[in-house]
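Have a look at the structure below before the remarks.
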Amino acid sequence: MESVSEAALYKEIFDESREYLNLNDSNIIKAIILVESLPAVFQMENMLHALGKYAAGLNAARWDLKASILEFIMTDPNSVWPDRFDVDIKTTEFMSNIFRRLVAVCLKHNAVAIGGMATALPSSDEEINIIAANSIQSDKEWEAKQGFIRGWSAHIYHMKTASDPFKNWELTGWKPSPELKTPENFPVKIETPKGKITSEGTRRNIRTIIEYVEGWLNGRGAKGIDSLEGHPGKRPALMEDLATARISVGQVAQRIIHNTISEDDGITHNIEYIQSLINSETEAILKIRKKQSPDEFSSIEEKYKQSAKITYKWIKNYTELNFRSLGSYSKKQLLEV
């Protein structure tokens, strides 16, 4: 949802459901609003109120919210974002304040504030699991200290790691100050995050989109993706869904719109350059997949070639400010180039 009117509609749906199902007072319906669009950021307190007795709390989205913000500022030449990996909630002050405001709204109205997703997936390599656990712990400790009471975990393997920081912080006896309970102390101000704009960041975005779309073509709404697969170093695969694909598409398109110059190699972003990256990343992925699954490679190759076409089409549509999501197209439309 992204507006008060939508929240009010859900209240009506819940009211009608109670009557239709003949529910009594012991049958409880509660809803938590996922704040994942820019309009919702400005309306979340009123949205909570519009849900009435069904309102349980607010959930802080991350990638979807960033994608939504990008769509709103897409044409502003003064708001070109750095690589998405540099836009961390903990260190990007205006994003931190959005989430602190969310917590303040919940504290003010005795609602629950739920934090973001721990996206790391388990690995057979224990060293990678330790790397993931350290990152998750740091992230959830920050959320707990802002007043969030819990977060999400993409996989049950990391659930304890993700939940312990909230429990441990609660055991300290910490109580939020009156200042943290006042939404007005955290005004919403959209700024341009600090960080570098690099071709490497663009390439990783494109790798992520190609991998996500390949999973989507195979009927999956989420997929474990390592955007640096084949490169040196160890890191966990991350559970990536439409949110990650949206921000990746939006960021690449924004760089094309403004002919942004990469700080690492001086290359100017345009549609031809992006097409070359799509081609090279697809080839790199297929080289890895051929070694992994030689017997099934022909069908895998076809899916990735389709994914590459859709990736190009999706990015190009965004440069034309057509922000439709994959599910609103037919497969035939997506494969028309």
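The values are calculated or read from the model by the stated rules, or taken from the named source; none is laboratory data. From a predicted model like this one, the values you see are computed outputs, not experimental measurements. Glycine also receives a Cβ, built like all others from the backbone with ideal geometry; neighbour counts cover every protein chain displayed.
At least 3 residues being surrounded by fewer than 18 Cβ atoms within 10 Å (Cβ to Cβ) is the threshold, and among the helices (runs of 4 or more DSSP H) wholly inside the range 219-328 those reaching it are 271-292, 297-319.
Flag set for ILE206, criterion: surrounded by 12 or more Cβ atoms within 10 Å (Cβ to Cβ), β-branched (Val, Ile, Thr) and not in a loop (DSSP other than H, G, I, E, B). ILE32 meets all of the listed conditions (1) within 21 Å of the chain's Cα centre (by Cα); (2) surrounded by 19 or more Cβ atoms within 10 Å (Cβ to Cβ) but one, namely (2). Out of TYR157, TYR212, which single residue is of a type outside the set (Val, Ile, Thr), under 28 Å from GLU263 (Cβ atoms) and assigned to a helix (DSSP H, G or I)? Only one candidate qualifies: TYR212. Determine whether ILE197 is assigned to a helix (DSSP H, G or I) and in contact with a helix residue (DSSP H, G or I) (Cβ under 9 Å, 6 or more places away or on another chain). Criteria not met by ILE197.
Within 17 Å of LEU70 (Cα to Cα) and over 17 Å from the mean Cα position of the chain (by Cα) - does that describe any residue in the range 159-173? No, that holds for no residue. What are the residues in the range 210-252 that are of a type in the set (Lys, Arg), within 22 Å of TRP152 (Cβ to Cβ) and either in contact with an Asp or Glu (Cβ under 7 Å, 6 or more places away or on another chain) or touching a residue at least 40 places away in the same chain (Cβ under 8 Å) (or both), if any? Across the range 210-252, the qualifying residues are LYS223, ARG235, ARG246.
How many residues are assigned to a strand (DSSP E or B) and closer than 13 Å to ALA111 by Cβ when one looks only at the range 27-59? Result for the range 27-59: 9. Within the range 89-104, residues that are crowded, with 21+ Cβ neighbours inside 10 Å reach partners that are charged (D, E, K, R) with beta carbons closer than 7 Å, at six or more positions or on different chains, in the pairs ALA104/LYS181.
As for the range 108-131, it holds at least one residue that is out of contact with any Leu (no Cβ under 8 Å at 6 or more places or on another chain), assigned to a helix (DSSP H, G or I) and either under 23 Å from ILE190 (Cβ atoms) or of a type in the set (Lys, Arg) (or both). When the residues of the range 112-157 are filtered to those that are more than 21 Å from LYS90 (Cα to Cα) and hydroxyl-bearing (Ser, Thr, Tyr), the one that is surrounded by the fewest Cβ atoms within 10 Å (Cβ to Cβ) is SER124. Within the group TYR318, TYR329, TYR304, which residue is under 15 Å from GLY250 (Cβ atoms), hydroxyl-bearing (Ser, Thr, Tyr) and in the same structural domain as VAL249 (by TED's automatic domain parsing)? Result of the check over TYR318, TYR329, TYR304: TYR318.
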